[in-house]
1. Look at segment 256-298 and say how many of its residues are outside any helix (DSSP H, G or I) and of a type in the set (Ser, Thr, Tyr).
2. Just give me the residues in segment 54-75 being without any contact (Cβ under 8 Å) to a residue 40 or more places away in the chain and under 29 Å from LEU277 (Cα atoms), in sequence order.
3. So GLU350 ticks every box in (1) modelled with pLDDT under 95; (2) in a helix (DSSP H, G or I); (3) among the acidic types (Asp, Glu) but one. Which box is left unticked?
4. Between LEU419, LEU383, which is in a loop (DSSP other than H, G, I, E, B), touching a helix residue (DSSP H, G or I) at 6+ places or on another chain (Cβ under 8 Å) and either of a type in the set (S, T, N, Q) or surrounded by 17 or more Cβ atoms within 10 Å (Cβ to Cβ) (or both)?
5. Just give me the residues in segment 271-285 being surrounded by fewer than 24 Cβ atoms within 10 Å (Cβ to Cβ) and not polar (S, T, N, Q), in sequence order.
6. Being modelled with pLDDT under 90, assigned to a helix (DSSP H, G or I) and acidic (Asp, Glu) is the filter here; which residues of segment 71-130 pass it?
7. Considering each of ILE205, ILE175 in turn, give the residue that is assigned to a loop (DSSP other than H, G, I, E, B), more than 20 Å from ASN422 (Cα to Cα) and of a type in the set (Val, Ile, Thr).
8. With the requirement that a residue be part of a helix (DSSP H, G or I) and surrounded by 12 or more Cβ atoms within 10 Å (Cβ to Cβ), what does segment 353-371 give you?
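The values are calculated or read from the model by the stated rules, or taken from the named source; none is laboratory data. On a predicted model such as this, the values are computed, not experimentally measured, just so you know. Glycine also receives a Cβ, built like all others from the backbone with ideal geometry; neighbour counts cover every protein chain displayed.
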Amino acid sequence: MEKQNLKVISFDRPADFYFQSALKMMDGMNYLGALPMVRRALEKEPDNIEYMMKHAEILTELSKYEESNSVLFEVLMKTKEARSECFFGMGCNFIGLGDLDKAEESFEKYLAVSPDGEYRDDVEEFLALFCDMEEEEEYILEDANNLKQQELAEEGKRHLDNCEYQKAVEVLEKIDTKDPDMLFAKNNLALSYYCMKKNDEAIRITQKVLECDPENVHANCNMAMFLNKQDHAAACRHIEKAIRQQKNTQDDFYKIAITYCEISEHEKALRYLSNILAASPYDEKVLFCAAVASFNLKRYAESINYFSDIIKLEPEESIAGYYLKYVKDVMDGKKAHSEIGYVFQVPPHEAKKRIRYLNEKMKLPADEFQELWEKDRKLKDILLWGLEYGDSFIKRAVVEIIGGLGGEKAERIFRRYILRRNQPDEIKNEIFVALKRMHAGEPYIAYFNGGIVEVKVGILDNVEDAASDCFDKLFDLLVSVVSEEYSEQMAGKAVSLLQEFTEKGAGSRYLSEIKEFAAAITFAALYLNGITTEPRKVAALFDADVNRLSAIAMEIINTAGKKEET
């Protein structure tokens, strides 16, 4: 019998096929299944507003409020037709994020755009509720006289969440230790010291909290973590005390679950994690802990399911992908079982492997590296890992790499990153500069300094249109030279100095000598940040006249000095 030559015909389905599949899954409330379908549709038609709006809706249903808002902000940048739906969606997302001020602002924008819109009744009900809550909050804060303390507590918590432990300590140490309403802030202070490996200080602070409130759930959980290595039995007593006092809230459940994780009581941890997931099934951190606990208990199939759910939520999440492969390798006998830690990060040997990969690829010619960026999933995943989970040095390096690559993909990554609440402002500052260098449209919507803001870089309100092109050229020259010769961070400081100097009305005088002006700003920025260098060396970088550099730089430094004196 002759063998027939069989041809495999690829069946490339259109975007609408995936979109309709997503809609059917949404009808069945299968939002986790709908998410990859709508993403596939958007891969084929990335500018389809209907698809983008549905993507945002699915993300909201999955409690991924930041990601949903990121999509909605992107829609607002593309079209005005969906403004009312965007503002309503943002309002709902901000409620989910606990940012009621921004929720109120979004709903007010909705009413301004669509006073008789579909969601008017819901919006008015929300606004009335916010008004009642604000009156009650004002009374409480005035009565306790602790508004400043609350602000410090919130700022310290932000630093703790962003892994900026030293900054968290500096802020939280300012809080009144005698105020019983501020014990939660002292718990966060203790955690900050613990994360800095200062265990004795963490224990000392927690003992003071327990002296004020022996039944404090979070303090007892903290003490369990702090004592575990030296006295596991004492650690267990503290967490058992916390369990007796917990109020069956999600917050208490989460604290107890994480404490059990930290002291390696995997079975008990999984019990609490399962309870949390019953109410919040799409929390990635809880899913990760449940996956790790299941693996450590050798329940490999359960672990695979949890890791797979994380990847469905975020397919570019390479940490979950790494551990999913590891669990499968252990199941298949390719690797020996070794307990996984609960830190949401790849192990050190894998991190080093990823850094080596980046270093090797960076040696490629620019055109080959650009092609790799466009086609290779691994490069993108590792860059995103470095941007999200690397230390400050790695984050800055990745910002420089992605900014240099440019294009729509880089812009989309940056715009989404600056909306992340758990990422440091100093890195976002550098991204603002990178976006400006890429000529990405302004403003840049970011979560910055504790709130959502619109950021403009280098384009100033008091600059005439005729001078705008000159300022753009000045900006490009300044940032490109300073970034290459010094750092992206110093480039950001130079841009800030340029903006400050121009806002005082002095900058426009030097637009006819852009090289000298850029060199002077650079010299002044270095000087004001404690870096001394010879003017002629800076002038050489810009091919500028050293005498003009010195004269302009002196005026810039004097102007900055006047600000410090006032």
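1. Residues of segment 256-298 that are outside any helix (DSSP H, G or I), as a first pass: 263-265, 280-283, 297-298.
Now drop any that are not of a type in the set (Ser, Thr, Tyr), which leaves 264, 280, 282.
Result for segment 256-298: 3.
2. Of segment 54-75, the ones without any contact (Cβ under 8 Å) to a residue 40 or more places away in the chain are 54-61, 65, 68, 71-72, 75.
Selection gives LYS54, HIS55, ALA56, GLU57, ILE58, LEU59, THR60, GLU61, TYR65, SER68, VAL71, LEU72.
3. (1)
4. Testing whether each residue is in a loop (DSSP other than H, G, I, E, B), touching a helix residue (DSSP H, G or I) at 6+ places or on another chain (Cβ under 8 Å) and either of a type in the set (S, T, N, Q) or surrounded by 17 or more Cβ atoms within 10 Å (Cβ to Cβ) (or both) leaves just LEU419.
5. Start the filter on segment 271-285 by keeping residues that are surrounded by fewer than 24 Cβ atoms within 10 Å (Cβ to Cβ), which leaves 271, 274-285.
Answer for segment 271-285, where residues must be surrounded by fewer than 24 Cβ atoms within 10 Å (Cβ to Cβ) and not polar (S, T, N, Q): ARG271, ILE276, LEU277, ALA278, ALA279, PRO281, TYR282, ASP283, GLU284, LYS285.
6. Across segment 71-130, the qualifying residue is only ASP101.
7. On the way: ILE205 fails: assigned to a loop (DSSP other than H, G, I, E, B).
It is ILE175.
8. Going through segment 353-371, the residues part of a helix (DSSP H, G or I) turn out to be 353-362, 366-371.
Matches in segment 353-371: LYS353, ARG354, ILE355, TYR357, LEU358, LYS361, PHE369, GLN370, GLU371.
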